[in-house]
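The values are calculated or read from the model by the stated rules, or taken from the named source; none is laboratory data. Everything numeric in this text was worked out from a predicted model, so none of it was measured. Cβ placement follows ideal geometry from the backbone for every residue including glycine, while neighbour counts extend to all protein chains displayed. To get the accessible areas, we keep the full protein, side chains included, count just its heavy atoms, and leave off ligands, DNA and RNA. Shrake-Rupley method; radii C 1.70, N 1.55, O 1.52, S 1.80 Å.
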Amino acid sequence: AVGRAVRESPNAAVMGGLSVDHVIATGHSQSAGRLATYLNNVHPIDPVYEGVVVHGGGSRIRDDLDVKVWKLLAETDLGRQAAIRQPDTTSFRTWEVAGSSHVDIFFAVESAKVTAAMDGWTEKEALADLPAAGERSGRCDLPEYSRVPFRYVMNAAYDHMVRWVEAGVPPPTASPVDADSVGPPAVFARDERGNATGGIRLAAHAVPTAMNAGQNTGAGFCRLYGAHEPFDAATLAGLYPSHDVYVAAVREIAEANVAAGYILAEDGEETIRLAEQSAIGR
């Protein structure tokens, strides 16, 4: 109903008078599950959307739909999603981001800021409960919140989706995260430092300064937060004997990901800038 209200001209007031060329749906987590149900059961009866991004969940999608469908998954999500992977087609894509979590530190920070604005707290008060890098909150068994910036990949995916719908330009494909067993729950292949192999590998994962994972255990929603355990000084010194070595490695991965279409140019530039500002290798 919302999609139809946005699309149909008698309801132009919904969009403040803006014209609507295309309508794309998205849903994350629980909403992804409901969106997949909609796609499989309701969309074929009376199509409204031209593109759908099923983000962080959702059942297997039927393969006879006349709509562009994208499954966008963090490493956390693959615990169950790996067992129902689907091949890429002319109308279906899946991207999996190694080391990323369903709820990461960036989500946690922005959510805390919204809470501060709604409840009249200062930003400092709202952020006080978030653990520092490598620290445990006491609820989870591992230090929580992956620092792999999944949002960079999401930004690129939405840009690709618009081009796919508007001009029929298919998005690039991406390798899946390597799994020793798809489960569920899946068991992932990991390097000697505990980081998952395969998948889309952002600089925070491919040029690591920590173990970032999509999995954690403990109370409440710890299973969604992932984990982040910084390397010790000796490990960092062995990996990056100078700051220039570290920045050059980050630059190479960031530029490769931009060229592959996995992140936008501005996010690649931010990746490099943050590396330049870091203390790694100094």
Some residue of segment 198-215 being closer than 26 Å to Val69 by Cα, basic (Lys, Arg) and surrounded by 14 or more Cβ atoms within 10 Å (Cβ to Cβ): yes
Strands (runs of 3 or more DSSP E) lying entirely in segment 1-101 (those with 1 or more residues that are open to solvent by 40 Å² or more (accessible area, probe 1.4 Å) and not β-branched (Val, Ile, Thr)): 24-28, 68-74
Which numbered condition Pro241 fails, given (1) open to solvent by 60 Å² or more (accessible area, probe 1.4 Å); (2) touching a helix residue (DSSP H, G or I) at 6+ places or on another chain (Cβ under 7 Å): (2)
Conditions (1) within 18 Å of the chain's Cα centre (by Cα); (2) surrounded by 20 or more Cβ atoms within 10 Å (Cβ to Cβ): number failed by Tyr246: (1)
Selection within segment 163-172 - surrounded by 15 or more Cβ atoms within 10 Å (Cβ to Cβ) and either more than 22 Å from Pro87 (Cβ to Cβ) or of a type in the set (Phe, Trp, Tyr) (or both): Trp164
Total residues in segment 217-233, condition open to solvent by less than 40 Å² (accessible area, probe 1.4 Å) and either closer than 16 Å to Leu130 by Cα or in a strand (DSSP E or B) (or both): 6
Test: residue in segment 147-160 that is over 14 Å from the mean Cα position of the chain (by Cα) and open to solvent by less than 20 Å² (accessible area, probe 1.4 Å): no
Every residue from segment 35-88 that is within 20 Å of Val177 (Cβ to Cβ), of a type in the set (Ser, Thr, Tyr) and touching a residue at least 40 places away in the same chain (Cβ under 8 Å): Thr76
Ala156 within 16 Å of Phe107 (Cβ to Cβ), among the small types (Gly, Ala, Ser) and not in a strand (DSSP E or B): no
Top-ranked residue of segment 253-267 - restricted to ones that are in a helix (DSSP H, G or I) and in contact (Cβ under 8 Å) with a residue 24 or more places away in the chain, ranked as nearest to Pro131 (Cα to Cα): Asp267
Ala186 vs. criteria surrounded by 15 or more Cβ atoms within 10 Å (Cβ to Cβ) and touching a helix residue (DSSP H, G or I) at 6+ places or on another chain (Cβ under 9 Å): yes
Segment 178-215, residues that are closer than 19 Å to Leu239 by Cα, out of contact with any Pro (no Cβ under 8 Å at 6 or more places or on another chain) and part of a loop (DSSP other than H, G, I, E, B): Asp191, Glu192, Gly194, Thr197, Arg201, Val207, Pro208
Segment 255-277: number of residues that are within 12 Å of Pro172 (Cβ to Cβ), buried (at least 17 other Cβ atoms within 10 Å of the Cβ) and not aromatic (Phe, Trp, Tyr): 3
So Ser91, is it hydroxyl-bearing (Ser, Thr, Tyr) and farther than 28 Å from Asp46 by Cα: no
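Matching residues to (1) in contact with a Leu (Cβ under 9 Å, 6 or more places away or on another chain); (2) under 18 Å from Asn195 (Cα atoms); (3) not hydroxyl-bearing (Ser, Thr, Tyr):
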site	(1), (2), (3)
Phe231	yes, yes, yes
Asp244	no, no, yes
Asn257	yes, no, yes
Gly261	no, no, yes
Ala265	no, no, yes
Ala275	no, no, yes
Selection within segment 102-146 - open to solvent by 30 Å² or more (accessible area, probe 1.4 Å) and of a type in the set (D, E, K, R): Glu110, Lys113, Asp119, Glu123, Lys124, Glu125, Asp129, Glu135, Arg136, Arg139, Asp141
